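These notes concern the structure reproduced below.
Bear in mind these aren't lab numbers, they're just calculated from the coordinates by the rules spelled out. Since the model is a prediction, treat every value here as computed from it, not as a measurement. Cβ placement follows ideal geometry from the backbone for every residue including glycine, while neighbour counts extend to all protein chains displayed.
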Amino acid sequence: MTTPLATVSTKQVLQWIGSHLLQYKARVVGAVIALFTAAVAWLLLGQGIKYAIDSGFVENAADTLNEATVLVLAITIVACLATYARFYLMTWLGERVSADIRNQVYAHLLSLPPSFFAELRTGEVISRFTSDTTIIQTVVGMSLSMTLRSVVTFLGALALMTFSSPLLTFCVIVAVPAVLVPIKVLAPQVRRYAKESQDKVADLGARIDESLHEIMTVQAYTAENAERLHFSKKVELAMDVAKKRIHYRSLLIGCIMCISMTAIIFIAWVGARQVLDGTMTVGELSAFLFYAVMAGGSVATISEVIGEVQRGVGASERLFELMTTESTIKHVNAGTKMTSESSSANVDVPKAAPRIQLENVNFSYPNSKPLFTNLTIDIRAGERLALVGASGAGKTTLFQLLMRFYDPTAGQILFNGHPINKMPLDTLRQHIAVVTQEPVVFADTVLENIRYGNPQATNDAVINAAKQAFAHEFIDNLDDRYNTQLGERGVKLSGGQKQRIAIARAILADRPILLLDEATSALDALSERMVQQAIDRLMVGKTSIVIAHRLATVQHADRILVMDKGKVVGSGDHASLMKSDTLYKEYAELQLLS
């Protein structure tokens, strides 16, 4: 259970991005220097033009014209070199910040419990990682640079225009507030619909992920047309929002361009009248118009990129929401000094098989009725405990509580007398090996899939674990043996083969607590017997808890707990339960005697 996605402000988002940029101060400073150098060079170009026209062209001085041309060329080269440096550094910063944000958000997501991902679909998260970080990359690498350059150019051009003609500059200043009006009115709309557009695209990603993941089910039920129609509706919803974003952004650009060009035309007319009156030279007017065009172009650039910046802020907010989501599973660091109330946090779980106690545990899933009420179970160190019961009895939930994917709402769970919520999560989980009913196989080699249980294991150790899980024989028949790529979710393997890979992974992990959730459910009778032998060897010296619907696999457990609706309704070995427990006997008769 997690807190909902937090509401964040633009200030928080900008501070977050700024903190990433500050990690690369030297490059930021270099980019700023290059930006100012380029801006100043382009501004000086106007003075070169003025000098060339007034001293060379109007006065018909060829040597002066040649000198002015060389000067203008030199200024242009400096401006181009500075522009290269600015573009390279800012683009690099965009890529680097985007990569750092991906790493930071991904690392945080790995710390969130499964309940978070039950609320937020995987496709939604993937969309935030791909499209949103790409937008941030564009904003930091391009849009932010263009905005800063345009602001500097506008201010510089304004200063030089004032030097050339205060009257014409006054006309420009009067026009500026008119340009700011559409920015103030329309920019928030651009940002709003930009964020909504990203949300709709995320919905598309989630739907694609879901339907393609379950493509066999889709095709088996001939639901292709239904899926196409459903997806088409989502595409149109995304398009509707995109239309609004495009409308407001286009309107913003159009309004600013109209106001800017109207102002420049009016200013050119006033300047031409001054030249005719003799109060201004042709060179001064040319320089002034050059600066006016630069200033107008800067405003136009700002109007274009401000929509992109607003879109980037919207994308950043979606990522920052993930970053600020807090887990209700509180982590305890191994090196943290604890208060007397939680002093056991620094105590490592022993390597030997521990005793596990559940004391008066209460638990319910969000928006559901209580599943466990005062559940108390004492599992001896090294005991082989089997859990039997109908679906929904709470067996798998018990595993999730032991792994701290969820925390009890009341009561506590202890390993060797230490509350597990006072232990570092990695310490807790490094002592538990799990084999689930639906084994997880990654899109990697056989070798790396088994080594997932112990990343430091040698190849020989991996092969030995595979042999113990009776997986070596089929692995040996694969095209590249242990180096065979298994495809997404192990698509190249059968259910039984994936199960044996998962068991080999648990054998290699060699952890003192073993949790088996129907670990032999996908095996044929012969394979089940062989794997059961491997599991029996694996259980030696470990505290083992086995969930089983097939009672034949748990007859030799030290103790069997019969669960029903979150309660333990029977306890004992197979023989005693057959005599004393009606529910267990009913299960047994349905399976063993059929």
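Quick notes
- Shown for Asp581, Asp378, Asp199, Asp132: other C-beta atoms within 10 Å of each C-beta, ranked fewest to most, produce the order Asp378, Asp199, Asp581, Asp132.
- Cβ crowding within 10 Å averaged over residues, with 365-376, 394-405, 93-104 ranked highest first: 394-405, 93-104, 365-376
- Here the gap between Arg228 and Phe442, fully extended at 0.36 nm per residue and compared with their Cα-Cα distance, gives a gain of 74.2 nm.
- Ranked by the mean number of other Cβ atoms within 10 Å per residue, highest first, peptides 417-426, 71-80 order as 417-426, 71-80.
- Scattering profile of the range 419-572 at q = 0.16 Å⁻¹ [log10 I(q)/I(0), Debye over alpha-carbon scatterers]: -0.89
- Packing-based order for 427-436, 533-542, 268-277, 354-363, using average beta carbon neighbours within 10 Å, highest first: 427-436, 354-363, 533-542, 268-277
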